[in-house]
Amino acid sequence: MKVFAHRGFSGQYPENTILAFDKAHELGVDGFELDVQLTKDGKIVVFHDQFLERTTNGLGRLAQYALQELKQYDAGQGEHIPTLAELLKAYYLGPQLMIELKYHSARNYQPLVDALVKLLKQFKLKYAPVFCSFNWPALVYLRCQSRNINIAVLHKHKPFLRVLKMAKLVKACAISTPLNEVSSRKVELARIAGLNMYVWTVNSKKQATLCRHLGVFGVISNFPDEVRP
């Protein structure tokens with residue numbers, strides 16, 4: 001069972017920072033899970049929330065700032081908000097990345113998808129990233145832009161047959177399911193459909209053992225040191 005570090009080693013280090021990813025890499029994780037969104041000037045940054053307050057000393061919506069303005073803020077322990085390009089440059093040899101497209105209040109998903117497709121062409125990555133989002137129309141648009149890109153359908157509180165239908169529509173390789181919704185039946189249905197099952201957020205040995213018993217392909221964890229075999 002693969003282990004992906006959720007926003008890096010976010011259980012102990014500032015989430016979605018180079019430090020958190022470096023510390024996860026030192027553990028030998030199989031991959032990083034991270035979130036991306038656009039700045040005011042169209043740069044792709046690695047950041048989860050709509051607002052800056054929870055994880056930085058900045059104020060307001062991230063999308064209202066240009067990249068250079070965001071770089072002045074402390075994201076924890078002296079770290080700054082990284083760009084996706086910085087992360088790709090540091091980790092083009094691996095591990096694999098699971099990249100969640102964040103939109104928050106933005107209705108237009110095309111600019112972020114277009115920027116991602118353009119940026120990926122600049123890097124020769126050893127392991128092809130997996131892209132996911134709660135915004136399913138964005139996944140449909142992403143598939144239209146690339147036949148070969150890996151897509152995982154991210155879902156919560158959705159009928160599972162509807163999830164499977166969307167996975168088929170976007171030719172997904174996987175489904176990303178919350179821990180409290182996983183079951184042996186869902187794992188089996190995903191397997192029959194030719195889909196890997198990722199489960200989030202798995203933060204204890206007990207939870208990891210359950211996922212392993214169910215045949216889950218990979219888990220996403222804030223504490224990858226706790227859930228590795």
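Every number in this text was worked out from the coordinates using simple rules, so none of it is lab data. In this text, all values refer to a predicted model and were calculated from it rather than measured experimentally. Neighbour counts run over all protein chains shown; Cβ positions are idealised from the backbone, glycine included.
Per-structure values
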{"read-out": "Extreme residue, nearest to L154 (Cα to Cα), among residues of region 13-50 that are under 11 Å from the mean Cα position of the chain (by Cα) and aromatic (F, W, Y)", "value": "F32"}
{"read-out": "Residue in region 134-141 that is in a loop (DSSP other than H, G, I, E, B), touching a Gly at 6+ places or on another chain (Cβ under 8 Å) and of a type in the set (S, T, N, Q) present", "value": "no"}
{"read-out": "Output for region 115-135, where each listed residue is among the hydrophobic types (A, V, I, L, M, F, W, C), surrounded by 18 or more Cβ atoms within 10 Å (Cβ to Cβ) and within 15 Å of the chain's Cα centre (by Cα)", "value": "L116, V130, F131, C132"}
{"read-out": "Hits in region 29-47 - residues which are surrounded by 18 or more Cβ atoms within 10 Å (Cβ to Cβ), more than 24 Å from L93 (Cα to Cα) and not β-branched (V, I, T)", "value": "L38"}
{"read-out": "Test result for E26, under 29 Å from T177 (Cα atoms), crowded, with 19+ Cβ neighbours inside 10 Å and of a type in the set (D, E, K, R)", "value": "no"}
{"read-out": "Flag if A152 is touching a Ser or Thr at 6+ places or on another chain (Cβ under 9 Å) and surrounded by 13 or more Cβ atoms within 10 Å (Cβ to Cβ)", "value": "yes"}
{"read-out": "Residue within region 99-106 that is farther than 24 Å from V219 by Cβ and hydrophobic (A, V, I, L, M, F, W, C) present", "value": "yes"}
{"read-out": "Residues of region 54-78 satisfying the condition of being under 21 Å from the mean Cα position of the chain (by Cα) and surrounded by fewer than 21 Cβ atoms within 10 Å (Cβ to Cβ)", "value": "R54, R61, A63, L67, G76"}
{"read-out": "Single unsatisfied condition, S221 versus (1) surrounded by fewer than 20 Cβ atoms within 10 Å (Cβ to Cβ); (2) touching a strand residue (DSSP E or B) at 6+ places or on another chain (Cβ under 8 Å); (3) of a type in the set (G, A, S)", "value": "(1)"}
{"read-out": "Any hit, region 167-177, residues being under 21 Å from N16 (Cα atoms), of a type outside the set (D, E) and surrounded by 14 or more Cβ atoms within 10 Å (Cβ to Cβ)", "value": "yes"}
{"read-out": "Some residue of region 116-132 being in a loop (DSSP other than H, G, I, E, B), polar (S, T, N, Q), free of Cβ contacts under 8 Å to residues at least 40 places away in the same chain and under 26 Å from L52 (Cα atoms)", "value": "no"}
{"read-out": "Helices (runs of 4 or more DSSP H) contained in region 150-229 and holding at least 2 residues under 26 Å from V140 (Cβ atoms)", "value": "160-169, 184-192"}
{"read-out": "Matching option when the condition is under 18 Å from the mean Cα position of the chain (by Cα), at negative phi and not hydroxyl-bearing (S, T, Y), among L112, L161", "value": "L112"}
